[in-house]
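First up is the structure itself, then whatever we jot down about it.
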Amino acid sequence: MVAPSKDEIHHLLLKLHSLTGIVPIGVFLVIHICVNSLRTVGAWPYQLSIDAINNLPFLLVIEITFIYIPLLFHSVMGFYVVNHAKTNVHRYRYPRNALYTMQRLSGAVVFVFLVYHLGTTVAPKLWEGKHHFEAAPFLIDIMNGEFKTWQGILIYTIGVVSATFHFSNGLWGFCVSWGILIGPKAQRNGAIVFAMVGLALTFLGLATIAEFNMNPVPVDATVSR
Ligand code: HEM
């Protein structure tokens, strides 16, 4: 068997970078924003969803395999692409080129946001050993505190808007580069559909922030030890 060339490995890594942005990371983002938005229905549906997640068997293994490893790979490759990609000012005209620049910028912003977000939610949860039914009151307390301040609201608004833009614009790029949207008409229609997906996710994320801010309800553990 012939060993793959350097170019072939490079091409494969770029394809894997593109794919991981959709599956599993994009899928996770859509689920995460939808689950968080349960908070707008009430504190208990949100608590039940956190209970369900935190009582999954092998939760940490699932998270490391399907969230953290793909996220780390996608981020490292993203920074590699930003540092090595040739400028494409002459290839595309203004709107596409501006969106491409924003794609890179939003990726970097999401990375910084995630360091903050995970460092203030998952990390203290693991550090304090808040597992199973103890996770929800602990995390909801943190979220209530976060959205009480304008700084918390600002950080989360920037995080949500950057993530939903990065995902929906990335979805368009994915469909074009994988040959799903072929031709100008399909690409224009695709851009409209994905912009609507992005706006819907942004709306859900911002509504969640607003609900936490206006109605910070503390909760007790559903089942106590
Ligand atoms: C309204 C906005 C958001 C809220 C209220 C929120 C809330 C939370 C909470 C409570 C957790 C801890 C879950 C647990 O350990 O059981 C979490 C984890 C996480 N969040 Fe968010 N989040 C928001 C936005 C975002 C955004 C925009 C992203 C993506 C950029 C994101 C990515 C993540 C990731 C990757 C995890 C770790 C998942 C895991 O380990 O299971 N979150 N979030």
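Just so it is clear, none of the values below were taken in a lab; they were calculated from the coordinates. Since the model is a prediction, treat every value here as computed from it, not as a measurement. All Cβ positions, even for glycine, are placed from backbone atoms using ideal geometry, and neighbour counts span all protein chains on display.
Thinking of segment 1-101 as a set of Cα atoms, what percent of all their pairs are more than 19 Å apart? Walk me through the numbers before you get to the answer.
Values: 3166 of 5050 pairs.
Percent of Cα pairs beyond 19 Å in segment 1-101: 63.
One quarter of the convex hull surface, Cα atoms only: what value does that give for segment 7-214 in nm²?
Details: hull surface 51.6 nm².
That works out to 12.9 nm².
Could I have the simple spin-label model distance between W178 and V81, label points 7 Å from Cα toward Cβ, reported in nm to one decimal?
Computed distance between label sites W178 and V81 equals 1.3 nm.
At what distance in angstrom do the alpha carbon centres of segment 100-127 and segment 156-181 lie from each other?
16 Å
Under 16 Å Cα to Cα from K15, which lysines show up? Leave out anything in the same chain fewer than 8 places away.
K6
How far apart, in nanometres, would the label points at W127 and K6 be if each is projected 7 angstrom from Cα along the Cα-to-Cβ direction?
Going from the W127 label point to the K6 one covers 4.3 nm.
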